[in-house]
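Below: the structure, in structure tokens.
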Amino acid sequence: MEHLSYTVTAPRAAGGTRRQAIIGVVASGNLEVLAERVLATDTCTVDIATAARGFAPVWQAVIADFVALRAAGGLRLSINDGGARPDTVALRLAQVVRLIEEPEA
Amino acid sequence: MTALPSGLSWLEASARQRLAALLDPGSFAEFIGPEQRERSPHLRLFDLPEQFDDGMIVGRATLCRTPVLVAAQEGRFMGGAFGEVHGAKLTGLLRAAALLGRDVLILFDTGGVRLQEANAGELAISEIMRAIVDLRRAGNRVIGLIGGRAGCYGGGGLIAGCCSALIVSEQGRISVSGPEVIETNKGVEEFDSRDRALVWRTMGGKHRYLIGGADGYVADDPAAFRAATQSALGRSPGLDLSMLHAEHQRLTRRLARFGNARDGTDVWSTLGIADPDAIPGLADDDFRHLADACREVADDAR
């Protein structure tokens, strides 16, 4: 397993009021993302445990795109990855941000 | 949790999607959620990926306003297999149910015990079976729902055998030894694991319903599982010696009646089904109509 950790400045704060959200499963070509609203609203961290070694530059690029496009400020994102492709990672990141924005039950 | 659009396939859904679609909207409260990161202590020794909930989601909820405790396995994470944490979460839930006097729903989706933590997994299976028996003897129900991709195999099949009632879809499979295990041990002449139609004729939901191995047969749809679960929650609970005696007699009769069958179709023919070859192709409602006229009766004690 390779462990990667990124702290980035997020231009937009995450919407909604939910404290956490989780999406995806850890399987071949898939990943889970746990989002927790625990940080300052201009910061986003991403901690990754991945079965596929040597893709740090790709992760960095996907995360840079993600914080530029989505409202991710204040979120600590934790990822368990089973070797997902970058498009799947981008999809799950978008989904978890959407999920944490949903009104609370 | 969020409500999902109807038309969701139970087979295709994740464990969390199944819970959201099965239970009353917004009623699910998770115990030991993913934010607690209670992961397997063993997988890292094998350099394998972990999941924050270890593939087992447990909590409390209501179903049609009846309070229940509920557990769901994520069949896509390590084949839904039981490990130390995965199993302990279900054991704890069942013991909590005994203290609270609650019925329990188990959404099975498992290949059995996780090979990487086999001893812990096997111990968990026996603890879970004991906890189910204790809970049932105290007058509570344990209802198993089976229709996931991994089926319900190995120790999961043993646990299912201890439940008060099982609800299965056509896609669901229930057994202890899986097709590959049988082929490896007994040879391809005994069981060809690549013959998927054979797997479903001998372990699939339709066959299990016909021989009384499952109490409810439903479409691959959370709404159908929900209705059947509500019905199962209304049945009288309990487990005593006379029920076990009756169950053993039923199993003895089953062996005498079907013991020489080579295939599911032989069993169905013995049941009096005129065209057994047509069974796999029947639509759910047509099948249930036909099956209810000739199936072996399921028994509370399994």
In the range A:63-90, residue farthest from the other protein chains (Cβ to nearest Cβ) [restricted to those that are over 10 Å from the mean Cα position of the chain (by Cα) and hydrophobic (A, V, I, L, M, F, W, C)]: A:Ala68
Residue satisfying all of: in the range B:24-34; touching a Lys or Arg at 6+ places or on another chain (Cβ under 8 Å) and not small (Gly, Ala, Ser); farthest from A:Gln20 (Cα to Cα) among these: B:Asp24
Considering residues of the range B:40-51 that are surrounded by fewer than 21 Cβ atoms within 10 Å (Cβ to Cβ) and not in a helix (DSSP H, G or I) only, the residue nearest to the other protein chains (Cβ to nearest Cβ): B:Asp47
Elements of type helices (runs of 4 or more DSSP H) contained in the range B:183-302, each with 1 or more residues being more than 26 Å from B:Asp103 (Cα to Cα): B:196-203, B:205-210, B:241-258, B:264-270, B:284-294
Test for B:Thr66: is it of a type outside the set (A, V, I, L, M, F, W, C), away from every other protein chain (no Cβ under 14 Å) and in contact with a strand residue (DSSP E or B) (Cβ under 9 Å, 6 or more places away or on another chain): yes
Residues satisfying the stated conditions in the range B:76-88, i.e. at the interface with chain A (Cβ under 9 Å from one of its Cβ atoms) and either farther than 17 Å from A:Ser28 by Cα or in contact (Cβ under 8 Å) with a residue 60 or more places away in the chain (or both): B:Arg76
Hits in the range B:76-116 - residues which are among the charged types (D, E, K, R), within 15 Å of B:Leu48 (Cβ to Cβ) and buried (at least 24 other Cβ atoms within 10 Å of the Cβ): B:Arg114
Answer residue from the range B:210-239, given it is closer than 19 Å to B:Cys162 by Cα and charged (D, E, K, R) and is surrounded by the most Cβ atoms within 10 Å (Cβ to Cβ) among those: B:Asp215
In the range A:40-54, the residues that are of a type outside the set (Ser, Thr, Tyr) and within 14 Å of chain B (Cβ to nearest Cβ): A:Asp47, A:Ile48, A:Ala49, A:Ala51, A:Ala52, A:Arg53
Residues that are of a type in the set (Gly, Ala, Ser) and closer than 22 Å to B:Asp221 by Cα, drawn from the range B:117-156: B:Gly144, B:Gly147, B:Gly148, B:Ala150, B:Gly151, B:Gly156
Filter result (buried (at least 18 other Cβ atoms within 10 Å of the Cβ), without any contact (Cβ under 8 Å) to a residue 60 or more places away in the chain and hydrophobic (A, V, I, L, M, F, W, C)) within the range B:274-302: B:Leu290
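Bear in mind that the values in this text are calculations on the coordinates, not laboratory data. Not measured: the values here are computed from a predicted model. Glycine gets a Cβ as well: all are built from the backbone with ideal geometry, and neighbour counts include every protein chain shown.
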